Amino acid sequence: DGFVTRVLGDAAARVTTTEISYVMRHRLSQRGYRVLDGRYWPENDPKKYDIITCLNVLDRHTTPLQLLRNMVEKLYRGGLLVLALVLPYHPYVEYESRSHEPQERLELEGLTLEEQVTSLITRVLPQLGLQVQSWTKLPYFCEGDLEQTYYWLQDVVLVAKKL
């Protein structure tokens, strides 16, 4: 519904959003945001950014490593990436995959949240030129299915700086 964008956007002079859903692109555009089609970003966007947020997208993206590389490329040196990811990592691609499997997976070591966040902080993000400044874990409630009304998951939120 764009609520998180509105709350975070109040702290910024300009906000650019990316979105795959046509309905959400339309809603965000009506609210005055610069909206880019997420399928064609970053090649259609020459700008660099001070801060990029990617909230609960990586486990739903068909190419999460490429998305991370693209975000790092679009950050100014010293820029911040705010990343939220449900861990333990169990990808489920909603768009662009009939099997709901990603084309590539984040290679996180371990099975538990603690093991995987350690792998993300010490191996995956540094290989991309990012240094984690801080992180936390939070409960994350998401829409359920026929078996369960909602799911209670663990979300890890990290702030990483481009070196």
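Okay, here's what the table says:
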| item | result |
| --- | --- |
| Selection from the stretch 41-64 of residues that are charged (D, E, K, R) and either at pLDDT below 90 or buried (at least 17 other Cβ atoms within 10 Å of the Cβ) (or both) | 43, 45, 47, 59, 60 |
| Selected residue (only one of 120, 65, 108 is under 27 Å from residue 3 (Cβ atoms) and either touching a His at 6+ places or on another chain (Cβ under 7 Å) or hydrophobic (A, V, I, L, M, F, W, C) (or both)) | 120 |
| Hits in the stretch 4-40 - residues which are of a type in the set (A, V, I, L, M, F, W, C) and modelled with pLDDT of 80 or more | 4, 7, 8, 15, 20, 23, 24, 28, 35, 36 |
| Residues (within 16 Å of residue 49 (Cβ to Cβ), of a type outside the set (A, V, I, L, M, F, W, C) and within 17 Å of the chain's Cα centre (by Cα)) located in the stretch 1-18 | 5, 9, 16, 17, 18 |
| Test: residue in the stretch 87-97 that is more than 27 Å from residue 6 (Cα to Cα), surrounded by 14 or more Cβ atoms within 10 Å (Cβ to Cβ), β-branched (Val, Ile, Thr) and in contact with a Lys or Arg (Cβ under 8 Å, 6 or more places away or on another chain) | no |
| Restricting the stretch 141-163 to residues that are hydrophobic (A, V, I, L, M, F, W, C) and not in a strand (DSSP E or B), the residue that is farthest from residue 68 (Cα to Cα) | 146 |
| Unique match (being under 16 Å from the mean Cα position of the chain (by Cα) and hydroxyl-bearing (Ser, Thr, Tyr)) among 76, 92 | 92 |
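The values are calculated or read from the model by the stated rules, or taken from the named source; none is laboratory data. Being a predicted model, the structure only gives us computed values, none of them experimental. Neighbour counts are summed over all protein chains in view; Cβ atoms, including those assigned to glycine, are modelled from backbone coordinates with ideal geometry.
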